[in-house]
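Novice: Next up is a structure, given as structure tokens.
The values are calculated or read from the model by the stated rules, or taken from the named source; none is laboratory data. Note that the coordinates shown come from a computational prediction; the quantities given were computed from them, not determined experimentally. Here the Cβ is made from the backbone with ideal geometry for all residues, glycine too, and neighbour counts use every protein chain on show. SASA here: full protein model, heavy atoms, side chains in, ligands and nucleic acids out. Shrake-Rupley method; radii C 1.70, N 1.55, O 1.52, S 1.80 Å.
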Amino acid sequence: MEPRRVLVIDDEATFTNLVKLNLEKTGRFAVREVNNPTEALAAAREFRPQVVLLDVIMPGRDGGQVLAELRAHEFTYLPAIFVTATMTQHGLQQRDDQIDGVPFIAKPVEPKKLIKRIEEVLGYS
Amino acid sequence: MSRDPFSMLLTGPGTGVQSLLDALPDQFYIKDTHCRFVFVNSAIAHFLNRPAAELIGKTDRDLFPHRLADEFMAEEKELLASGRPLVNREVCIADPTDKLRWELTTKIVLRDDGGQIVGLLGINRDITEHKQAEEQLRLQGEALVAAANAIIITDSAGVVRWVNPAFTKLTGYTADEVIGANPRILKSGQHDPAFYRQMWETIKSGQVWRGDVVNKRKDGSLYTEEMIITPVRNVGHEITHFIAIKQDATERKRAQEQLQQLNADLARSQLELLETYENLKRAQAELIQAEKMEIVGRLAAGVAHEVRNPLAILAMGLGYVEGNLPPNQPTTTAVFETMRDAIVRADAIICELLDFSSPRVLNLTDQDVTRLADRSLLLVQHEVRRRKIEIVREFAPDLPLQRVDRIRIEQVFVNLFMNAIHAMAEGGRLTVRTLRDATGAVVAEICDNGPGIPVAHLEKMFTPFFTTKPVGIGTGLGLAVAKSILAQHGGELTVANQPAGGVCARIIFHKTDKEAGHGT
């Protein structure tokens, strides 16, 4: 099976780098990193991801705004997962791990768990 | 030949008449027409402090201050000229020791057989003590009149004989209106007959009566007086009069009542002030707490974000490196486990902090508390089994549904279960009860039979970051969070040692108006 394309948008390069390393190690994913949220749309157009991971709190723009921008253009149905440090897992549980239909996952997260979630969202596990 | 009347008298010392006259306490003397002493008795000699013989031939001028002597002599000259007797004149003179004495003086003229005035005869009676007594009485009389207190003097039958001006001022009755009448005209009707009877019997028996009386003035107005009635006895020790001294107590009574009222008001104000002060203190404490919470909240959010990002990197990094480990290296694997645990622990602390300090939005749904308790037990079953805890369920069926945030309440239950389980390190019994209390409120009880909470910790239990658990197991936010969740629901959480041992935590869901409407 062809590796799934994952776009990771987070201002912390060390984090996006580690996500890439962990996901690509499985052989099932190809990862593109974006550390400047203003470059998200351009990167998406180029990479054509099948799922996007977004941090919420970023300087200049928050994850919500970025996703809104993507959705407003050709990526209306692109599956997304918010990966955030400011929600507690408990808080997320309260909301069934999603807000307004967008799945959330709380940092810190283990690679295995992140992968599982991504595959859930993509429609298989 | 006219016979000298003196010769009748002057028969020499020691003889009959002389000794009679010498025996008199009154001063007795005879003077000639030139006002010279011709005869003196021993009383006057004694008074003037001279031997009788020395006085013969002397006039007043030789014995008294000139001004006084001239007065006497003028008087005597007048007497000798007119023949009119001078009877009972009061004179004040100084004796040789300069003490003032009062004398009652009588002087008459002596005539010879032919009716010619040949001299004068004088008698002086010392009335000093009498005068002093008189003066005393006068002063006393003036005092009674002038006294600010009203005074009534009655006879032994109680008929008014005398009143002073202060009486008129107090009662409105003039002396004329009351003298000869009975003081009962002042009766107000506020005292029963027994009161007056007791008063009368007391004074009739010779004792002093004291008391407060409500009387009626001439104009009909009532007033209160303090009265003392003293019986007055005569020399035969019989009661002849009663003196009543009155003091208007109306003002005093009013002042007293006012004072009592003021005292009561003051006491009440004081209580109110104390209450207000306590309320203010509490409000201040709450404000400070709220402010702290806000600061902590903001701090927590910032800290959470800053700390969790590196934690996320650690987690990702661990995951990656772990995958590259050669197999069969148990120590290395164990080390990785430790590192993983550390990340989880760090995150847990941040979570609790965030949870505690952020404003909570409750997701309210109708829930059965029994089911919530039961579900929460499932969440801790691993710990229960590990420590071999016995679970006793005493669930009430058909509890009215409570509008609560399911996840939050389960969080509370889990927290309380974990506290109970940790208290029973060597195993024990966890009793979980749901019921309705006397007021109809739904209550859940979580009881253990562990060692109980030390008294020193009871007060601090709900304080954030107070924990008795070893480092790494509890952050100390659990009970504080649980209590605040309950408070947010309008409920209550209490934790107490049980008399039979162990601890019971009690969750009370207070009835809401809505629920009352549902019927039970």
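Novice: Counting each pair of different Cα atoms once, what's the Kirkwood radius of the protein assembly as shown in Å, rounded to one decimal? Write out the running numbers ahead of the final one.
Specialist: On the way: mean 1/r = 0.0264 Å⁻¹.
Result for the protein assembly as shown stands at 37.9 Å.
Novice: If you don't mind, another one. Could you size up the charge dipole of the stretch B:194-342 around its Cα centre, putting +1 on the beta carbon of Lys and Arg and -1 on that of Asp and Glu, and report it in debye to the nearest 20?
Specialist: On the way: 18 positive and 20 negative charges, 210 e Å.
The calculated dipole for the stretch B:194-342 is roughly 1020 debye.
Novice: Right, next: Could you tell me what % of all Cα pairs in the stretch A:4-121 have separations over 18 Å?
Specialist: Pairs farther apart than 18 Å: 46 percent.
Novice: Let me ask something else. With a 1.4 Å probe and all protein chains in place, put B:LEU325, B:LEU120 in order of accessible area, largest first.
Specialist: B:LEU325, B:LEU120
Novice: Which of the aspartates and glutamates could be linked to B:LYS511 by a straight reach, that is with a Cα gap under 20 Å, when you skip same-chain ones fewer than 8 residues away?
Specialist: Leaving aside aspartates and glutamates fewer than 8 places away in the same chain, those within reach of B:LYS511 are B:ASP366, B:ASP368, B:ASP398, B:ASP405, B:GLU410, B:ASP437, B:GLU445, B:GLU492.
Novice: Let me ask you something else. How many nm is it between the label spots at B:GLN132 and B:ASN279, if each spot is 7 Å from the Cα in line with the beta carbon?
Specialist: 7.5
Novice: Which aspartates and glutamates, on any chain, are close to B:LYS281 with Cα under 16 Å apart, when same-chain ones fewer than 8 places away are left out?
Specialist: B:GLU272, B:GLU291
Novice: At a Förster radius of 22 Å, what calculated FRET efficiency corresponds to the Cβ-Cβ distance of B:LEU401 and B:ALA438, to the nearest 0.05? Working shown, then result.
Specialist: On the way: r = 20 Å, r/R0 = 0.92.
For B:LEU401 and B:ALA438, the calculated efficiency is 0.60.
Novice: Next question. Which pairs in the list B:LYS107/B:LYS131; B:LYS131/B:LYS204; B:LYS292/B:LYS460 are over 24 Å apart, alpha-carbon to alpha-carbon?
Specialist: B:LYS131/B:LYS204
Novice: Another question about this same structure. With no other cysteine's Cβ closer than 4.7 Å, which Cys residues of chain B count as lacking a disulfide-compatible partner?
Specialist: B:CYS35, B:CYS92, B:CYS351
Novice: Check each of the trypsin sites (Lys or Arg not before Pro) in the stretch B:59-144 and keep only those in coil by DSSP with at most 11 other C-beta atoms within 10 angstrom; list them in order.
Specialist: B:LYS99
Novice: Something else now. About the Cα centre of the stretch B:317-415, what is the dipole size in debye to 20, counting +1 per Lys and Arg Cβ and -1 per Asp and Glu Cβ, all else neutral?
Specialist: The calculation lands at about 120 debye.
Novice: Can you give the local net charge around B:ASP219? Use residues other than it whose beta-carbon is closer than 14 angstrom to its beta-carbon, Lys and Arg +1, Asp and Glu -1.
Specialist: Result for the local shell: +3.
Novice: Turning to a different aspect of this structure: At the nearest 100 Å², what buried accessible area, both sides summed, do you get for A and B when the probe is 1.4 Å?
Specialist: 2300
Novice: In addition: Please compute the length gained on full extension between B:VAL361 and B:ILE288, using 0.36 nm multiplied by the number of residues separating them and subtracting their Cα-Cα distance.
Specialist: Length difference between fully extended and current span is 24.1 nm.
Novice: Over the stretch A:4-121, what is the relative contact order in whole percent, taking alpha-carbon pairs under 8 Å and six or more residues apart?
Specialist: Relative contact order comes out at 23 percent.
Novice: Suppose we keep just the alpha-carbon trace of chain B; what are its Rg and Dmax in angstrom?
Specialist: Using the Cα atoms of chain B, the pair Rg, Dmax is 57.2, 186 Å.
Novice: Same structure, new question: Going Cα to Cα from B:LYS187, which lysines come in below 16 Å? Please leave out same-chain ones fewer than 8 positions away.
Specialist: B:LYS216, B:LYS218, B:LYS246
Novice: Order B:332-344, B:402-414, A:39-51 from most to least packed using the mean count of other Cβ atoms within 10 Å.
Specialist: B:402-414, A:39-51, B:332-344
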